[in-house]
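The values are calculated or read from the model by the stated rules, or taken from the named source; none is laboratory data. Here the structure is a predicted model, which is why all the values come from computation and not from measurement. Don't worry about glycine lacking a Cβ; one is built from the backbone with ideal geometry, like all the others, and counts go over all protein chains shown. Please note that ligands, DNA and RNA were not included when accessible areas were found on the heavy atoms of the full protein model with its side chains. Shrake-Rupley method; radii C 1.70, N 1.55, O 1.52, S 1.80 Å.
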Amino acid sequence: MLANTVIPLASLLITPYDPHILSVNPCLSDSYYGTYGTQSVFVADNACIDSSTNSLTQGIVAPFSAVQQLIWLQHQAVEEAIKPVSFVDELDALLSELSHPEYVTADEQRVLSNQRNEMQLLSRTASSALISVDSETARTIDTRLPRFWKSSPLPSSPVPFIPVPSDAVKRVRQLLSTVKFDPVVASVVNNISIPQLRRDIRYLTGEDPASSIVSRHSFSDGALVAAAWLKEHFEATGASCTLKEFLNGFAPNVVCSYKGTVNTTETVLLSAHYDSRGSFGSTRAPGGNDDGSGTTALLGIARTIARKGITFRKNVQLCAFAGEEQGLYGSRYYAKELREKDANLTLMIQADMLGYHAAGEPPQLGLPDRIGTPEVTQLVANLSAIYSPELKVGFTPACCSDHQSFHEQGFPATQVFERAGRIADPMYHNSGDLSEREGYDFEQIKSIAKVQFAALLHAAGFDLLE
Ligand SMILES: *[C@@H]1O[C@H](CO)[C@@H](O)[C@H](O)[C@H]1NC(C)=O
Ligand SMILES: *[C@@H]1O[C@H](CO)[C@@H](O)[C@H](O)[C@H]1NC(C)=O
Ligand SMILES: *[C@@H]1O[C@H](CO)[C@@H](O)[C@H](O)[C@H]1NC(C)=O
Ligand SMILES: *[C@@H]1O[C@H](CO)[C@@H](O)[C@H](O)[C@H]1NC(C)=O
Ligand SMILES: [Zn+2]
């Protein structure tokens, strides 16, 4: 809808995500605004809402009118141990601050134009809120969010709910049924080099004195340096890379491709996000774990592809996204483009935060408990048992990284994460998120990267030129 348009008699329905939601009432399919955290959002006329709520067991209905850009704010699933009790974890301070439009941070000045309007609060629970703000505030809201809150922009009009087509699921099931130990795959994935992972992450965080990177925040100069550096190093492994701009002011996505040796449109995609977020008010955002770890794992896989002389049968893409911290902007743009092209994605796996586990805990692999394709998640779990048996595998409620963008477009997708449980990294969204610190485990990064790599080799098929 247009900004500031009043939709008469419309209501907002917020109800727990359920892949079968649209079978509750077909009128909802024209009213779907996406799924955020654990909840799906609909804006529909009151007749549709009334007839739907009869068959729903949970949900919130609120009046809806006169919106600008809608933003979903979600408190992340974090361990109690790292939650401060102070006001910095409170949303109220931000909400009241947003009513003072003259406040502008240095980072924002780069992308801000001028006009700012009052914020509207449409719905609020202890762990989520739906607000409406002007578009400039929307884009830069991560720079003022309390640390454990994440933001997601809602589309400006309803979006189709696109399930993964059954033949795409069948193809993943086929891959799952043919998983078995392959000594060649084992020797290839074991070749990921930890010293190289360490060198790469130190460049991306700026811990390496030769690196000029202070921040990889999507609006920072460091993100542009990182994008160019990633492109150069992925290309050195034989990939063709493009820096794909998606929104003014944001650093680009880095999209790298290896063409398959077989004539097919099928493509297997691995990804991470290279943008980062620092402490409130700080310009330093090293993002050593979030998500320098996933980005470095991706590069470690690429370097091994080159070292081992691997060619893939199907097409392969390795993508480092930007704009994740502002609400999956980069990946949403790219997944939408792939859907519009009718891309033939076999599966995709996003790596976000691979480096940390609490002291005394074994190395782990966390898989999404909700957003993602269960068959892809199972494939990853089964490959982990074979190639990285040292990992304790379990589900995580930490949600949702760039795989959600692909999930929304009906592509088979999942995520790999560092912990079978909530976020426990004390440096999460903190300017102290460096690679050289207690709890940051390069062995675990390698173990999880091996699983992502094994999934790629298994799903794409490969030959060794060595
Ligand atoms: C995946 O692994 C589980 C646990 O070992 C096993 O029960 C299941 O059969 C495997 N799935 C497939 C399709 O091989
Ligand atoms: C990876 O393989 C190369 C040869 O292909 C070998 O020189 C190197 O030592 C191996 N590295 C690791 C970490 O296994
Ligand atoms: C690849 O396959 C497509 C569709 O099957 C066909 O039109 C095209 O000619 C093939 N290209 C080559 C190089 O074989
Ligand atoms: C995807 O690739 C498979 C295998 O080549 C093919 O059967 C299928 O038609 C393709 N689908 C699309 C949408 O291109
Ligand atoms: Zn992240």
Quiz item: From the list 195, 183, which one is within 16 Å of ligand 2 (Cβ to nearest atom), in the same structural domain as residue 324 (by TED's automatic domain parsing) and within 21 Å of residue 455 (Cβ to Cβ)?
Solution: 183
Self-check item: the range 37-48 residues that are under 30 Å from residue 422 (Cα atoms) and not assigned by TED's automatic domain parsing to the domain that holds residue 399, paired with ones that are part of a loop (DSSP other than H, G, I, E, B) and not aromatic (Phe, Trp, Tyr) (beta carbon under 6 Å, 6 or more apart)
Solution: 42/31
Quiz item: Does residue 256 satisfy being away from ligand 4 (no atom under 16 Å from the Cβ), open to solvent by less than 20 Å² (accessible area, probe 1.4 Å) and either without any contact (Cβ under 8 Å) to a residue 40 or more places away in the chain or not assigned by TED's automatic domain parsing to the domain that holds residue 376 (or both)?
Solution: no
Self-check item: Check on residue 248, touching a residue at least 24 places away in the same chain (Cβ under 8 Å), over 22 Å from residue 352 (Cα atoms) and open to solvent by 40 Å² or more (accessible area, probe 1.4 Å)
Solution: yes
Quiz item: Since residue 376 meets every condition but one in (1) farther than 30 Å from residue 336 by Cα; (2) part of a helix (DSSP H, G or I), which condition does it not meet?
Solution: (1)
Quiz item: Taking residue 328 and the conditions (1) within 16 Å of ligand 1 (Cβ to nearest atom); (2) of a type in the set (A, V, I, L, M); (3) over 23 Å from residue 459 (Cα atoms), which numbered condition does it fall short on, given that it satisfies the others?
Solution: (1)
Quiz item: Being part of a loop (DSSP other than H, G, I, E, B) and at positive phi, is that true of even one residue in the range 412-429?
Solution: yes
Exercise. Check 272, 302, 297, 320 and return the single one that is under 15 Å from residue 445 (Cα atoms), assigned by TED's automatic domain parsing to the domain that holds residue 194 and either in a strand (DSSP E or B) or within 16 Å of ligand 4 (Cβ to nearest atom) (or both).
Key: 272
Quiz item: Of all the residues that make up the range 155-200, how many are within 16 Å of ligand 4 (Cβ to nearest atom) and of a type in the set (Asp, Glu)?
Solution: 1
Exercise. Name, by its number, the condition in (1) part of a loop (DSSP other than H, G, I, E, B); (2) farther than 30 Å from residue 251 by Cα that does not hold for residue 399.
Key: (2)
Quiz item: Are any of the residues in the range 115-136 assigned by TED's automatic domain parsing to the domain that holds residue 16, part of a helix (DSSP H, G or I) and touching a Leu at 6+ places or on another chain (Cβ under 7 Å)?
Solution: yes
Self-check item: Residues within the range 369-393 that are open to solvent by 10 Å² or more (accessible area, probe 1.4 Å) and within 16 Å of ligand 5 (Cβ to nearest atom), tallied
Solution: 1
Quiz item: Can you spot a residue in the range 444-458 that is more than 19 Å from residue 270 (Cα to Cα) and either in contact (Cβ under 8 Å) with a residue 12 or more places away in the chain or open to solvent by 20 Å² or more (accessible area, probe 1.4 Å) (or both)?
Solution: no
